[in-house]
Amino acid sequence: MATPKPTPLYPTYKELKEISLSDYPQLNSVFTDNPDWCAVHWQWGKSFLEYTGRNKSEHTYVRFRNEIERFLLWAFFIKQVPVDDFRKADILEYVDFCWKPPISWIGNSNLDRFVLENGYFHSNKQWRPYKIQAPKSQQNKDIDKKKYRPSQQTLTSTFTAIIAFYKYLMNEELSYGNPAQIAKKDCRHFITDAQVKEAKRLTEIQWQFLLDTAVEMADANPIYERNLFVIASLKTLFLRISELSERKNWSPVMGHFWQDENENWWLKIFGKGRKLRDTTVPLDFIPFLERYRLSRCLSRLPSTSENNVLVEKIRGQGGMSSRHLRRLVQDIFDNAYRKMKEADGEQKALKLKEASTHWLRHTGASMEVERGRALKDLSEDLGHASMATTDTVYVQTENKKRAESGKNRKVN
């Protein structure tokens, strides 16, 4: 029997809060053409995702939506069994499906789930639940969908979301067990990983090329002052891209820079887990703050009462989204890669082509470790819950001891 074509189940969080199925003709037909329990389970998913969007972050909503959508599509069209009847074996069967989904369920780009036409939200026929993309450094972007395999991180995310979904259903007395919790330890696709991991980062030379490129572009055209400020902030202040972005419940403003009684500069950040922290602002960063502010016709330094957005849009009002900020950073990465490739060859420049915005946070933190900064201070600036996290990601004390103790082994 042919595998049914997948159809998106849930729109954006904002649209989900106001959804009327009469405005979504293809989605509505999923429930009219299938058993009644499909509509009931869709409502369960909707309630769970509304709860997630309300109490967590928008990023968590998107992540959980992807997973719950796939899970329910499999239950509706492949397994054709209500999720409250699932047992451990059913969850493991679903994970096997995720490990090697049908080609017709795999896409190669991010697409909107629904398209507004003539007053109705029509399901995007090109949308697929699974995605495979060529690496940034690969010139030929064509990729064989048969090669799709989820990463260990993706498998973990799948279980995290489904376990959370069942916990929600249990709390609402809609399900009386959590088969995903039981199934996780028996999943044959998980690999116990004891490898030595290195943080994805740039070398000092690569970072210098990136910074010099941003400075040159800003000197030539003031429009790039914004790009320069963003990359300097991500690397020097150890920021995640989301921490610079405009969010529903937080808008970063210039007034979040502040000075204490000893004239030390700090930046107030609304970070991961909806936690506020203050990170130290080094003196070396201040000239980059000053030049960006002057390019916006502001005073050299901010005051604590200032409400100007931290990174402004060129057109429109308000701060920038994470997606727009990534584009600014990518523009500098692309130019720096070309420059370094011409100067030192493609191999030495390759990381600039592969790097993501988060590499800048890793780069800054790794350089601080090499500088000998106290782990406790660095951990607090990074917003880590404990020094153990900082040590594991950046210092790797135990691995260094092991490497040192194994260095002098003899062959004969």
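Read-outs: derived from the displayed coordinates by stated rules, not from any lab. Remember, it's a predicted structure, so these values are computed and weren't measured experimentally. Counting neighbours? That spans all protein chains shown, and the Cβs are built from the backbone with ideal geometry, glycine included.
For this structure, a couple of remarks:
- Phi to ³J(HN,Hα) by Karplus 6.51 cos²θ - 1.76 cosθ + 1.60 over segment 271-283, Hz, x for Gly, Pro: x, 4, x, 6, 10, 8, 9, 10, 10, 5, 10, x, 4
- Projected-area mean, segment 204-402, by convex hull of Cα positions, square nanometres: 12.4 nm²
- Virtual spin-label span in nm between residue 373 and residue 117, 7 Å along Cα→Cβ: 5.2 nm
- Normalised contact order of segment 204-402, rounded percent, pairs of Cα under 8 Å and 6 or more residues apart: 26 percent
- Length released on extending from residue 96 to residue 32, taking residue separation times 0.36 nm less the Cα-Cα span: 20.2 nm
- Estimated vicinal HN-Hα couplings, Hz - segment 113-119 in sequence order (Karplus 6.51, -1.76, 1.60; Gly, Pro = x): 6, 10, 10, 7, 9, 6, x
- Note on the chain: Kirkwood radius taken over Cα pairs, Stokes-Einstein applied at 25 °C and 0.890 mPa s, translational D equal to 101 µm² s⁻¹.
- Rounded to 10°, Cα long-axis angle of helix 58-73 versus longest principal axis of the chain: 30 degrees
- Lysine-lysine proximity count for segment 204-402, Cα under 14 Å, sequence distance 8 or more or distinct chains: 5
- Rg(Cα) / (2.2 N^0.38 Å) computed for segment 294-412, rounded to two decimals: 1.51
- In degrees, nearest ten, helix 204-220 long axis to first principal axis of the chain (Cα): 80 degrees
- Between helix 88-99 and the chain: long-axis angle, C-alpha atoms, 0 to 90°, nearest 10: 60 degrees
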